[in-house]
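Input: one structure, supplied below.
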């Protein structure tokens, strides 16, 4: 193999290890982000075909370097922890994603959404809270979608009625229970059901396209969303269950990430040395010709 080929392989390796370091940095930064799924970096050997002198077809192979690619583990379950201070929070135990909407515009004075994009997004980040417009939104700014009916199958952005109840008792708070039922609580201890959380499942959840805010959108590889009702045995669609007043922690193992960082740094350093040595050899060859 020519020295230029060695340099090309080393450059490819630098790019692959740079991707690994970037993914590790993203993971460590989101170690405390609710519902975050760690992204791993996988490496694949590149092999190029080479033509034999006797035949124009590929007669063998030669080394051609390495390529790095992100491996999304959206199926991996994060540890579920209680969040008793926020009864509107919810965690998913098992398969599925919350269907959420992204604001198309935000009122600069109130900070609430003035409209929503037509595309539906999906997330495991269930730290929802009630905004001033009566809608449930998570800390990333995505609004929870659900069904106004207990048996509904099509999600939409829900607006919670926070007015006094028929007895004149004032609104206290809203909660999501273990079945995904959205309930309004009043000061006189009475309650009223105001919606049902639906969960979306996918043929290949690891193929979802990740966007900002720990959210995802569908792709051709992931398949379309299939909605299930956590409390309707006849319409589960392979989804898991919902835990009310709880949050799913990030799947990032910081100790493991540090180990991978050391490996990536060492590989990056060694490939840098290969490039430096190859450059010195090329310089020597050029000087000999001169």
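Tell me, please, whether a residue that is on the phi < 0 side of the Ramachandran plot, assigned to a loop (DSSP other than H, G, I, E, B) and out of contact with any helix residue (DSSP H, G or I) (no Cβ under 7 Å at 6 or more places or on another chain) can be found in region 189-198.
Among the residues of region 189-198, at least one is on the phi < 0 side of the Ramachandran plot, assigned to a loop (DSSP other than H, G, I, E, B) and out of contact with any helix residue (DSSP H, G or I) (no Cβ under 7 Å at 6 or more places or on another chain), which makes the answer yes.
Something else: Of the residues in region 126-136, how many are surrounded by fewer than 23 Cβ atoms within 10 Å (Cβ to Cβ) and under 19 Å from residue 199 (Cβ atoms)?
Residues that pass the stated criteria total 2.
Kindly indicate whether any position in region 215-238 is at pLDDT 90 or above, closer than 23 Å to residue 175 by Cα, buried (at least 17 other Cβ atoms within 10 Å of the Cβ) and within 15 Å of the chain's Cα centre (by Cα).
Checking region 215-238: at least one residue is at pLDDT 90 or above, closer than 23 Å to residue 175 by Cα, buried (at least 17 other Cβ atoms within 10 Å of the Cβ) and within 15 Å of the chain's Cα centre (by Cα).
Could you tell me which numbered condition residue 161 fails, if it satisfies all but one of (1) outside any loop (DSSP other than H, G, I, E, B); (2) more than 24 Å from residue 26 (Cβ to Cβ); (3) touching a strand residue (DSSP E or B) at 6+ places or on another chain (Cβ under 7 Å)?
That leaves (1) as the condition not met.
Related question: In region 219-242, how many residues are in a loop (DSSP other than H, G, I, E, B) and either in contact (Cβ under 8 Å) with a residue 40 or more places away in the chain or in contact with a helix residue (DSSP H, G or I) (Cβ under 9 Å, 6 or more places away or on another chain) (or both)?
The qualifying residues number 13.
Just the residues that are crowded, with 18+ Cβ neighbours inside 10 Å and in a strand (DSSP E or B), please, taken from region 172-182.
174, 175, 176, 181, 182
From the set of residues in region 252-290 that are modelled with pLDDT of 95 or more and not in a helix (DSSP H, G or I), which is nearest to residue 32 (Cα to Cα)?
For region 252-290, the residue satisfying everything is 252.
Name the single residue, out of those in region 204-214 being in contact (Cβ under 8 Å) with a residue 60 or more places away in the chain and in contact with a strand residue (DSSP E or B) (Cβ under 7 Å, 6 or more places away or on another chain), that is surrounded by the most Cβ atoms within 10 Å (Cβ to Cβ).
Selected residue: 208.
Which fully enclosed strands (runs of 3 or more DSSP E) of region 1-100 have 3 or more residues being within 27 Å of the chain's Cα centre (by Cα), modelled with pLDDT of 95 or more and surrounded by 18 or more Cβ atoms within 10 Å (Cβ to Cβ)?
Those strands (runs of 3 or more DSSP E) span 90-93.
Right, here's the next one. Can you tell which of 165, 151 is more than 24 Å from the chain's Cα centre (by Cα) and closer than 23 Å to residue 94 by Cβ?
Answer to the check: 151.
The values are calculated or read from the model by the stated rules, or taken from the named source; none is laboratory data. Just so it is clear, the structure is predicted and the values come from calculations on it, not from any experiment. Note: ideal-geometry Cβ built from the backbone for every residue, glycine included; neighbour counts use all protein chains shown.
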